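These notes are about the structure you will find just below.
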Amino acid sequence: MKKRFNPIKDKSSEIIEYLMSSPDIPDDDELQFKLRLSIEEAVENVVSYAYDGGIGWLEADIHFDEDALLLSIELRDAGMPFNPLEKEDPDVNQSAEEREVGGLGIFLCKKMMDSIKYRYEDGNNVLTMTKKVNS
Amino acid sequence: MDIKITKEDNKTFVAIDGRIDTTTVNQFQEAANELMGDEHPDIDIDCTALSYTSSQGLRTFLMLQKSVMKHGGKLVLRNMNPQVKEVFDITGFSNIITII
């Protein structure tokens, strides 16, 4: 299922709940936790940074491949070209004094999902995350 | 989400019930701000009913930890559910915040 949200300012929660309402998401607490976290971090990234002042659109798509048992979530926006995967992972061995506040969102997506890919296509940022579902 | 703060002698007990996410993080940040002014704070956060935290919640936990260290205090998080604990583990936060 796919929906375009426009504008997206203050709409993070609505977009997250839309994706989490997909009937393709199995009734599995642990999986739902990981999906919700990844979706929230990825959506929040677009809503906060893609457009100046949050005036712009985001297309949210969730799809289940029954043969591969693969759940795919795709976020598309027409904001500033930005590849979040180029950001260096935080150093998780730093002390509290050294640790910088923030920069954990996409890192968590990488850890929670099986794959995360970025492409710039037709003037859009496209982020695709997949997770294998055991059913 | 519901946050209860109780002060007993020199100790502060906090209980968080619900999710810390994009809709509730400001409420959590405000509660944390209240705890950040004290000298030698001794803060005990009960996470039994904390069902979820996003990176925005982690950010506030880190700010609180930094503030507590600066003010010569103590911060303890207890009874975290396994999934929330995993988020703290993956990000290395388990090494910088005391979790029991």
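The values are calculated or read from the model by the stated rules, or taken from the named source; none is laboratory data. This is a predicted model, so every value here is computed, not measured. Reconstructed Cβ throughout: ideal geometry from the backbone, glycine too, with neighbour counts over all protein chains shown. The protein model used for the area step is the full one, side chains on, heavy atoms only, and it has no ligands, DNA or RNA in it. Shrake-Rupley method; radii C 1.70, N 1.55, O 1.52, S 1.80 Å.
In the range A:28-46 there is at least one residue matching the filter, namely being within 12 Å of chain B (Cβ to nearest Cβ) and of a type in the set (Lys, Arg).
Every condition in (1) over 12 Å from the mean Cα position of the chain (by Cα); (2) farther than 17 Å from A:Glu98 by Cα; (3) crowded, with 17+ Cβ neighbours inside 10 Å; (4) not acidic (Asp, Glu) is met by B:Ile43 except one, and the failing one is (1).
Considering the range B:82-98, and only residues there that are more than 9 Å from chain A (Cβ to nearest Cβ) and open to solvent by less than 40 Å² (accessible area, probe 1.4 Å), the residue that is farthest from A:Lys110 (Cα to Cα) turns out to be B:Ser94.
If you go through the range A:45-72 and keep only what is surrounded by 20 or more Cβ atoms within 10 Å (Cβ to Cβ), in contact (Cβ under 8 Å) with a residue 60 or more places away in the chain and either among the charged types (D, E, K, R) or assigned to a helix (DSSP H, G or I) (or both), you end up with A:Asn45, A:Val46.
Among the residues of the range A:86-135, those that are under 20 Å from A:Pro26 (Cβ atoms), in a loop (DSSP other than H, G, I, E, B) and open to solvent by less than 20 Å² (accessible area, probe 1.4 Å) comprise A:Met113, A:Val133.
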